[in-house]
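Engineer: This structure is in structure tokens; I'll ask about it shortly.
The values are calculated or read from the model by the stated rules, or taken from the named source; none is laboratory data. All of these numbers come straight from a predicted model, not from anything done at the bench. Backbone-built Cβ (ideal geometry, glycine too); neighbour counts: all protein chains shown.
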Amino acid sequence: MTSPAKTELVTVNIDGKEIAVPKGTNVIEAARLVGVDVPHYCYHPKLSVVGNCRMCLVEMGMPAVDPATKAPVMDPATGCQKINWIPRPQIGCATNASPGLHIRTQTPQIRDCREGVMEFLLINHPLDCPICDQAGECKLQEQSTGYGRGYSRFVEQKNVKPKRTQLGPRVTLDDERCILCSRCIRFSKEIAKDDVLGFIDRGSYSTLTCYPGRKLENNYSLNTVDICPVGALTSTDFRFKMRVWFLKQTNSLDTESSVGANTVVWSREGVIYRITPRRNDAVNDTWMADSGRLLYKAVRAESRLTAKDSLAALLARAETILRLSPGLAAVVGSGQSSVEEQFLTRQLAHALNAPAYLVSRTAEGDGILVSADRNPNVRGALVTGLVSDLPQPYLDDLGEAIDRGDVRTVVSVGEDLMAAGLSATQLAKISVIQLGTQVCASSVAASVVIPTLTVFEKAGTMINQQFRLQRFAKAVAGPVGAFDDLEVLARLIAAAGGPAEPSDLAGVWTRLAAEIPALRGLSYAAVPETGVVLDASPWASLPFVEGESLHHRPALVAASA
Amino acid sequence: MNLKPETLARIDEVIPHYPSKRSATLPLLHLIQEDVGYIPQEAIEWVAARLELQPINVYEVVTFYPMFRQKPIGRRHVKVCRTLSCALLGAYRTCETFEREFGVRRGEVSADGEVTVDFVECLASCGTAPVVMIDDALHEKVDVARTQELSAQIRREAAARS
Ligand code: SF4
Ligand code: FES
Ligand code: FES
């Protein structure tokens, strides 16, 4: 892989522009830095370099030196050192920066090369862009604009290959569109560690295939769709649903675990059509799990909670309940809430003078981008002071308090109390004020249900396993009858007799920056797109459940290693 | 995988000749095809396990080389060269004659399981085109008359065996 060594910088010259880059950076990446686009297909920054598509051809030269004395040979015309240009083009993806390297990408020869490569790539291509899902985000289509012929000189028959192979449950392959770049093969082997794809019948009939009897069904299979530069690999879920150029892109986070993979949510007119990964070299590189791409289905799920009553009416009922048994309330917060919501949940617990609980969700981590902690934001609850210790899977303490009669009212911020271990008998003894987005046992048993928003319908931040504070933005509007979590919490605090708390993101951040030591000096707007790592030392001794994964080594493991 | 003990011994012997196990893929496939007559899918998986590869890696190799067969062939393998010199001097006629003689199409096994006729690429005997290899024996200048003689000979040998 091409992660260049951090240390030594070398100066290269690309189309006349000098730039210092880390030694070993390849020409495609170096050119990107000076704003020069080197078209490419097979090269991918996070995969090994194979150099098989030939689209990235460039002219390459080195400063001339006298073979005997090694003294620079000067060019009398310019007064500069003479450059010896290699007569034949070289591939940029496999050419690494070395001192004095000169690259030309805009010469007639290179134009010729690109046109030639494009003509070959298109010879067997079905040219079915009008019915192809990749249209609009297809590298072949893009480069055709610049380097295609516009008409074909090919009079022979095109190859006929399989048109709709189900490579696995989520990926469909059109072999005629495949340009044999092998990105999908390398991804499966190098990143997903599931080497099932390959080229068979190599030659004029080279065909991408999955080994007979095996399937491309690992939880990362859809990344092959993302990196396929053409429309050969398509998502069975997204296929034929929507033209990509109609879709609005919103930066978001994968909330399925504490990895916090960065994502883009693609929506149109309030409807989400797909989720894809967003590059963050410190978190998820350019990948995400398939499971995280389905989370948007919760937005329009059958089980979605909405209210017929106004928020004011719901809050009035909640207030009555809270007044009924003062001093006998408990608050169950959530590791799925945002940092801002967790802060207000904490304030709610303070206002009620009530203990706050959190429910853990754990499962085995996959060592890549799904960690053992299936709550995306347990660290947010720690940082905001909602809880001071790691959560347990079951609310046994709360159950005992209910049995003792110490708790008569529970405010649950999105957690299903039944799933968290409270029995039906215990639920029957208390009044539940349930916030949440989906119907669950505890919303059914609740005295008041206040429907709230999914992560796609609001903005906020979460803190991942690296203690990296990351933002998510609002992609679509929430449904009628669901209310913004911050507003609900702020008004509940007021109903509980607490001080006035802001109900908007900027306002809550003013409070966070003032109140929370780890967030001092920060604001929502100031969090960079790639997140900001917080000082984790106050929680360094906690036995977090995560194991090692891409870009994360647990502190305790790292210390003992 | 049901391989003969000799094959297994030769496989064990050949693997350490290579700096990385992966490089032994081709020799192993040859040995297995010699033993079994073709490369069944089971053999692909067996070789992969033996060389610490994934089956797809071996499958790619098997499909790349035309000499590896994924289906059984007849007891006798008639390989007709169809590269330029042979093609110009009547390889197609030769091949078609073989097909008629044994009532079989190229690539298929005759009904009695005796013969498979195939086109192959240059057998490096272009000066005596058209040439044919029957199993391991090269036959030169195989015109129609010679094709009929060779076919008759194959039939005689088959009859003698039964
Ligand atoms: S399917 Fe796509 S990613 Fe895979 S080899 Fe073909 S063009 Fe490349
Ligand atoms: S990108 Fe360089 S050869 Fe494909
Ligand atoms: S062309 Fe047939 S042997 Fe060379």
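Engineer: Tell me, please, whether a residue that is modelled with pLDDT of 95 or more, out of contact with any Cys (no Cβ under 6 Å at 6 or more places or on another chain), hydroxyl-bearing (S, T, Y) and within 16 Å of ligand 1 (Cβ to nearest atom) can be found in the range A:37-47. Before you say what the answer is, go through the steps one by one.
Structural biologist: In the first step, residues of the range A:37-47 are kept if they are modelled with pLDDT of 95 or more; the result is A:37-47.
Those still in the list that are out of contact with any Cys (no Cβ under 6 Å at 6 or more places or on another chain) too: A:37, A:39, A:44-47.
This time we only want the ones that are hydroxyl-bearing (S, T, Y), so: none.
No: the range A:37-47 contains no residue that is modelled with pLDDT of 95 or more, out of contact with any Cys (no Cβ under 6 Å at 6 or more places or on another chain), hydroxyl-bearing (S, T, Y) and within 16 Å of ligand 1 (Cβ to nearest atom).
Engineer: A:G327 is checked against (1) at pLDDT below 95; (2) under 25 Å from A:T276 (Cβ atoms) and fails just one. What number does that condition carry?
Structural biologist: (2) is the only condition that A:G327 fails.
Engineer: If you don't mind, another one. Condition first: more than 14 Å from ligand 3 (Cβ to nearest atom) and crowded, with 18+ Cβ neighbours inside 10 Å. Now tell me which residues in the range B:78-103 satisfy that.
Structural biologist: Result: B:V78, B:T97, B:F98, B:E99, B:E101, B:F102.
Engineer: Looking at the range A:478-487, is at least one residue surrounded by 23 or more Cβ atoms within 10 Å (Cβ to Cβ) and outside any loop (DSSP other than H, G, I, E, B)?
Structural biologist: Yes, some residue in the range A:478-487 is surrounded by 23 or more Cβ atoms within 10 Å (Cβ to Cβ) and outside any loop (DSSP other than H, G, I, E, B).
Engineer: Looking only at strands (runs of 3 or more DSSP E) that lie completely in the range A:171-271, which have at least 1 residues being buried (at least 19 other Cβ atoms within 10 Å of the Cβ) and more than 14 Å from chain B (Cβ to nearest Cβ)? Before you say what the answer is, go through the steps one by one.
Structural biologist: On the way: elements: A:171-173, A:197-200, A:207-210, A:233-235, A:248-253, A:262-268.
Filter on the range A:171-271 gives A:171-173, A:233-235, A:248-253, A:262-268.
Engineer: Inside the range A:514-550, can you point out the residues that are under 26 Å from the mean Cα position of the chain (by Cα), farther than 14 Å from A:R379 by Cβ and not in a loop (DSSP other than H, G, I, E, B)?
Structural biologist: A:Y524, A:A525, A:A526, A:S549, listed by residue number.
Engineer: Can you report the number of residues in the range A:83-111 which are assigned to a helix (DSSP H, G or I) and within 16 Å of ligand 2 (Cβ to nearest atom)? Steps first, answer last, please.
Structural biologist: First, the residues of the range A:83-111 that are assigned to a helix (DSSP H, G or I): A:108-111.
After this cut, where a residue has to be within 16 Å of ligand 2 (Cβ to nearest atom) as well, the list is A:110.
Residues meeting the conditions: 1.
Engineer: Limited to the range A:230-268, what total is found for residues that are of a type in the set (A, V, I, L, M) and within 14 Å of A:G136 (Cβ to Cβ)? Steps first, please.
Structural biologist: If we filter the range A:230-268 for residues that are of a type in the set (A, V, I, L, M), which is where we start, we get A:230, A:232-233, A:242, A:244, A:247, A:253, A:259, A:261, A:264-265.
Filter once more, keeping what is within 14 Å of A:G136 (Cβ to Cβ): A:230, A:242, A:244, A:247.
Residues flagged as of a type in the set (A, V, I, L, M) and within 14 Å of A:G136 (Cβ to Cβ) within the range A:230-268 amount to 4.
Engineer: Examine the range B:16-25 for a residue that is surrounded by 18 or more Cβ atoms within 10 Å (Cβ to Cβ) and either at positive phi or within 14 Å of chain A (Cβ to nearest Cβ) (or both), and state whether such a residue exists. Steps first, please.
Structural biologist: From the range B:16-25, those surrounded by 18 or more Cβ atoms within 10 Å (Cβ to Cβ) are B:24-25; that's our starting set.
Now narrow it down to the ones that are either at positive phi or within 14 Å of chain A (Cβ to nearest Cβ) (or both): B:25.
So far as the range B:16-25 goes, yes, one or more of its residues are surrounded by 18 or more Cβ atoms within 10 Å (Cβ to Cβ) and either at positive phi or within 14 Å of chain A (Cβ to nearest Cβ) (or both).
So that you can scan it fast, the table gives a plain yes or no per residue for (1) in contact with a Lys or Arg (Cβ under 8 Å, 6 or more places away or on another chain); (2) more than 18 Å from A:H40 (Cα to Cα):
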| residue | (1), (2) |
| --- | --- |
| A:L57 | yes, no |
| A:G79 | no, yes |
| A:W85 | yes, yes |
| A:T95 | no, no |
| A:R104 | no, no |
| A:T107 | no, no |
| A:C113 | yes, no |
| A:G116 | no, no |
| A:P126 | yes, yes |
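Engineer: Of the residues B:T94, B:T83, which is of a type in the set (S, T, N, Q) and touching a strand residue (DSSP E or B) at 6+ places or on another chain (Cβ under 8 Å)? Give the steps one after another, and end with the answer.
Structural biologist: Details: B:T83 fails: touching a strand residue (DSSP E or B) at 6+ places or on another chain (Cβ under 8 Å).
Result of the check over B:T94, B:T83: B:T94.
Engineer: Please go through (1) in contact with an Asp or Glu (Cβ under 8 Å, 6 or more places away or on another chain); (2) assigned to a helix (DSSP H, G or I) for A:G399 and return the number of the only condition it doesn't satisfy.
Structural biologist: It fails just one condition, (1).
Engineer: Got at least one residue in the range B:56-76 being more than 30 Å from A:T209 (Cα to Cα), away from chain A (no Cβ under 14 Å) and outside any helix (DSSP H, G or I)? Don't jump to the end; show me each part of the working.
Structural biologist: First, pick out the residues of the range B:56-76 that are more than 30 Å from A:T209 (Cα to Cα): B:75-76.
Now narrow it down to the ones that are away from chain A (no Cβ under 14 Å): B:75-76.
Okay, now just the ones that are also outside any helix (DSSP H, G or I), so B:75-76.
Yes, the conditions are met somewhere in the range B:56-76.
Engineer: I've got another one for you. Does A:G150 meet the test of being in a loop (DSSP other than H, G, I, E, B), closer than 30 Å to A:D15 by Cβ and out of contact with any Lys or Arg (no Cβ under 9 Å at 6 or more places or on another chain)? Even if it seems obvious, please write down each step before you answer.
Structural biologist: Details: in a loop (DSSP other than H, G, I, E, B): yes; closer than 30 Å to A:D15 by Cβ: yes; out of contact with any Lys or Arg (no Cβ under 9 Å at 6 or more places or on another chain): yes.
Here the answer is yes, as A:G150 does meet what is asked.
Engineer: Could you tell me whether B:E52 is part of a loop (DSSP other than H, G, I, E, B), farther than 28 Å from B:V115 by Cα, out of contact with any Phe, Trp or Tyr (no Cβ under 9 Å at 6 or more places or on another chain) and free of Cβ contacts under 8 Å to residues at least 40 places away in the same chain? If you could, list the steps in order and put the result at the bottom.
Structural biologist: Details: part of a loop (DSSP other than H, G, I, E, B): yes; farther than 28 Å from B:V115 by Cα: yes; out of contact with any Phe, Trp or Tyr (no Cβ under 9 Å at 6 or more places or on another chain): yes; free of Cβ contacts under 8 Å to residues at least 40 places away in the same chain: yes.
So B:E52 fits the description; yes.
Engineer: A follow-up question, please. In the range A:20-42, is there at least one residue being farther than 20 Å from A:D112 by Cα and of a type in the set (D, E)?
Structural biologist: Pass one, the range A:20-42, residues farther than 20 Å from A:D112 by Cα: A:20-26, A:29-30, A:32-35.
Then keep just the ones that are of a type in the set (D, E); that gives A:29.
Yes, the range A:20-42 contains a residue that is farther than 20 Å from A:D112 by Cα and of a type in the set (D, E).
Engineer: Additional query: For A:F456, state whether it is part of a loop (DSSP other than H, G, I, E, B), of a type in the set (A, V, I, L, M, F, W, C) and closer than 30 Å to A:I191 by Cβ.
Structural biologist: No.
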